[in-house]
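Peer 1: Before I ask anything, here is the structure I am working with.
The values are calculated or read from the model by the stated rules, or taken from the named source; none is laboratory data. Just so you know, these numbers come straight off a predicted model, no measurement behind them. Cβ: placed from backbone, ideal geometry, glycine included. Neighbour counts: every protein chain shown. Surface areas here come from the heavy atoms of the whole protein model, side chains and all, with no ligands, DNA or RNA. Shrake-Rupley method; radii C 1.70, N 1.55, O 1.52, S 1.80 Å.
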Amino acid sequence: MSTIPELYNEKCHCAGCSQNDLGYSFVARRTAQRHNKRARLNAIRCERDMSTQRNMMEVDDEPILTHQPGTLKELYTQTNSPVWEGASMSDTEDVSVTNDAISNGDNDDNPFATPDMPQNPVHRFIATFVVMFASHYVVDKGAVVLIEFINKLLTIYQQDFQLPLSLPGLQRMTGFSAMTKGIKKFVVCQDCHKVYEESASVPSHCDFVKLGARSSCNCQLTKTSASGALVAKRSYLYQSVLHRLGYLDLVRGTIIDPMHNLFLGTPKRLMDRWIKDEDIQDGDFAAMQKTAETMIVPGGYTSLNSKIGKQFSYMKADEWKSWVLIYSPVLLKDVLAKDRFENWINFVDACRLLIKPTITFDEVNTAHQFLQTFCTRCDELYNAEILTCNMHLHLHLRDTIRDFGPVYGYWLFGFERFNGLLKNLKTNRKIGFEETFMKKFIEDVHKDDLVNSFLQSTCQTSAFPLLTKLTSSFTPATIPSIRQRTFRIQSFVEASEDPNVLVKGNEPLPPSAFPLSLKSATTMSDIHYVHLLQYYKVAYNNEQLVHFQQASESSYFVDNTITLLKYINIFGQVYKGKGESGSRGSLVQAKFIGSTGEHIIAYTGQIQYIFTHSFTPPPTSSSLTPLLRTHRRPTQLLHNSQHTFAFIKWYTPENDKSREYEHVETCFPTFSPDDFQCVLPVHRIMLEVATAEHTTRRKVKKMLVIPLPKKQYI
């Protein structure tokens with residue numbers, strides 16, 4: 001029979017301690033006094049609130065929020081109507097939901113349907129908004145304060161509805177907790193791999209009896225125990241049951257991590273070798289660091305601010321990746337011997353192909369040939385000691401990508417960033433970090449579904465813009481006013497690769513671009529507007545278009561009102577204007593047809609700003625003819641008036657092919673004169689580039705351009 005320690009000999013009957021079969025809990029004397037004091041304060045506060053409410057009712061009997069019968073239901077169907085305007089939350093007769101089954105939580109198709117959700121649509125909106133806002137922005141203590149504030153407002157406005165006083169209670173009421181109720185934590189034996197549910201009683205040692213064994217596994221179920229390491233070594237001697245499966249190739253089924261294989265192995269080993277052979281000396285590191293400080297690196301790549309001058313000490317995978325793809329082709333040109341530099345470029349070319357999110361089989365084969373040449377030449381240029389097992393695995397990357405797809409699906413960059421996040425997070429000791437992280441992940445995934453569930457149950461489209469701010473990427477499934485035009489990925493890719501494809505700027509954008517990060521509308525500068533007008537004349541082959549200042553003379557004019565964008569996301573590649581990010585994300589390339597019409601040239605430029613512009617061309621005789629036969633209105637049904645452009649200043653090109661081998665281009669650091677080709681549809685942006693300042697022996701300043709792999713997360 002267990003006894004209560006003398007320290008815990010006071011019975012506490014407060015709300016928190018009475019939630020058991022006995023109706024009380026044994027606590028310390030001071031704890032009981034503190035609980036009783038808190039209960040008295042809560043009672044006084046509740047009585048004061050009731051008194052305040054009675055005084056308000058005596059002063060003014062009229063409800064603060066009123067509406068005429070029948071008007072509230074109309075407000076709920078208007079997209080742009082405020083949620084609160086003209087609505088009384090106390091009157092539920094006039095706000096009945098069209099689908100009673102959903103309102104009562106009886107719809108089996110709705111995973112968030114709960115019987116505790118109020119039927120009043122405004123109350124449902126309040127509960128949904130608070131639970132999502134608390135999940136996105138505040139911690140538990142802040143959520144309690146927010147709930148108390150909302151309940152206070154509901155009391156002041158004489159509503160018969162109150163939110164639960166705790167965040168878990170609010171999550172249960174809204175169905176938010178249903179997202180993660182199936183998550184469980186398990187303990188796994190390191191030897192036989194038997195799984196124990198942590199909520200159940202977990203033995204201290206594994207009790208699983210293997211086939212043919214006379215005793216149980218008896219492995220200690222403690223991660224930090226000393227015997228755990230011994231068990232790991234012992235289990236290595238056993239042959240896995242998987243080896244008996246004739247159709248399973250464990251060698252082929254093992255994935256080679258490209259992050260460690262490409263960036264944390266070979267670059268560091270070769271750098272150590274170059275330093276040992278004195279190919280790179282202390283003065284070279286200082287010179288390379290000086291050049292590196294002039295380089296502009298796009299977003300998504302790590303800048304090497306001081307690591308080069310410190311001889312690459314404590315480099316991480318992200319930094320080695322930037323070194324391989326951006327810095328090394330520029331900085332090693334005048335440092336390494338020609339044969340060693342050219343062999344290094346074989347490795348760089350292979351990495352440029354292999355790290356692409358979307359890759360073809362031909363590109364995989366080409367990268368394999370680069371790696372094969374690189375390894376063969378390493379044996380010739382150095383000695384056999386330079387060849388490691390890691391370099392041998394370079395030649396197996398082709399099979400890994402063929403079997404498992406592009407490297408973005410399994411390389412460990414995501415886990416490296418996750419480990420960095422782990423160091424900065426304070427985890428819950430009771431739940432454990434793994435369970436906390438999994439719950440947060442699943443909640444973020446299903447927030448869109450929760451918003452859709454709310455819209456389906458209330459038809460409250462006016463709440464749509466506010467709720468979408470609490471989700472990461474919301475795709476409306478119930479808003480009929482949002483139309484999605486047909487998007488063809490092949491046509492979009494061809495527009496950026498082939499300048500012969502006619503692109504006007506109003507073609508469909510990829511789903512990743514939405515919602516557009518629109519800023520406020522503004523007027524285009526008079527200097528740039530002239531180029532926009534000329535662009536429309538050329539794109540639509542119509543010289544009848546006139547300046548907006550001549551709008552009184554002709555109805556066929558181009559407006560000078562534009563809407564700026566903070567950025568645009570095209571298949572995961574984010575492009576920004578110069579003013580939004582300095583220069584990172586604004587340096588791009590696009591293809592144009594040469595002056596002779598025979599060659600295609602890639603021009604480098606800097607995005608000044610990204611904008612949308614509405615324009616509808618006048619109908620032409622050629623477009624009227626087929627439409628008149630079908631008795632339809634011309635232009636309006638077929639034309640999308642919204643165009644999306646980037647205003648780009650193009651650098652002056654130079655016909656210098658001296659660095660073509662390492663895929664480094666050369667141009668002058670000055671801009672060419674502006675013309676209508678500065679107005680570029682975003683569909684035609686080919687890729688991002690990095691740049692570096694360069695001064696020739698004749699003291700001529702030039703700019704080196706390093707085209708980077710095009711990111712397309714399709």
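Peer 1: I'd like the carbon and sulfur percentage of the solvent accessible area for the range 270-349, probe radius 1.4 Å, heavy atoms only, ligands and nucleic acids excluded. Before the final figure, lay out the partial values.
Peer 2: On the way: 1490 of 3390 Å².
With neighbouring chains kept in place, the figure for the range 270-349 is 44 percent.
Peer 1: Figure the gain on full extension for L518 and F208 (residue separation times 0.36 nm, minus the Cα-Cα span) and round it to one decimal in nm.
Peer 2: That works out to 105.5 nm of additional length.
Peer 1: Please give me the summed charge of the neighbours of D277: other residues whose Cβ is under 14 Å from its Cβ, Lys and Arg +1, Asp and Glu -1.
Peer 2: Numbers: positive: R269, R273, K276, R340; negative: D272, E278, D279, D284, D339, E385.
Combined, the nearby Lys, Arg, Asp and Glu give -2.
Peer 1: Which order do you get for V131, V187 if you rank them by accessible area with a 1.4 Å probe, largest at the top?
Peer 2: V187, V131
Peer 1: Between F548 and Q33, what FRET efficiency follows from the Cβ-Cβ distance if R0 is 56 Å, with the result rounded to 0.05?
Peer 2: Rounded to the nearest 0.05, the efficiency is 0.10.
Peer 1: Subtracting the Cα-Cα distance from 0.36 nm times the residue separation, let me have the gained length for K316 to V187 in nm, one decimal.
Peer 2: Stretched fully, the K316-V187 segment lengthens by 43.2 nm.
Peer 1: Further question on the same structure: Given points 7 Å out from each Cα along the Cα-Cβ axis, report the D403 to D379 separation in nanometres with one decimal.
Peer 2: Each label point is offset 7 Å from its Cα along the Cβ direction, giving 2.4 nm.
Peer 1: What does the charge count near P298 come to, summing +1 for each Lys or Arg and -1 for each Asp or Glu among other residues with Cβ under 12 Å from its Cβ?
Peer 2: Here the count lands on +3.
Peer 1: Do any GluC sites (Glu not before Pro) in the range 660-714 lie in a DSSP loop with no more than 11 other beta carbon atoms within 10 Å, and if so, which?
Peer 2: E660
Peer 1: Hey, another quick one. Students often get this wrong: which residues of the range 279-314 have the backbone nitrogen under 16 Å from the point 7 angstrom along Cα-to-C-beta of S658?
Peer 2: Nothing falls inside the zone, counting backbone N under 16 Å.
Peer 1: Kindly provide the trypsin sites (Lys or Arg not before Pro) of the range 117-166 that DSSP labels as loop, not H, G, I, E or B, and whose Cβ sees at most 14 other Cβ atoms within 10 Å.
Peer 2: Answer by residue number: there is no such site.
Peer 1: Let me check I've understood the local charge: for H694, count other residues with C-beta under 14 angstrom from its C-beta, Lys and Arg +1, Asp and Glu -1. What total comes out?
Peer 2: Net of charged neighbours comes to +1.
Peer 1: Just subtract the alpha-carbon distance of S641 and C389 from 0.36 nm times their residue separation and send over the number in nm, one decimal.
Peer 2: In short, 84.9 nm is gained.
Peer 1: Hey, can you find the accessible area per residue of the range 121-179 for me, probe 1.4 Å, expressed in square angstrom?
Peer 2: Values: 2600 Å² over 59 residues.
Per residue, the range 121-179 has 44 Å² of solvent-accessible surface.
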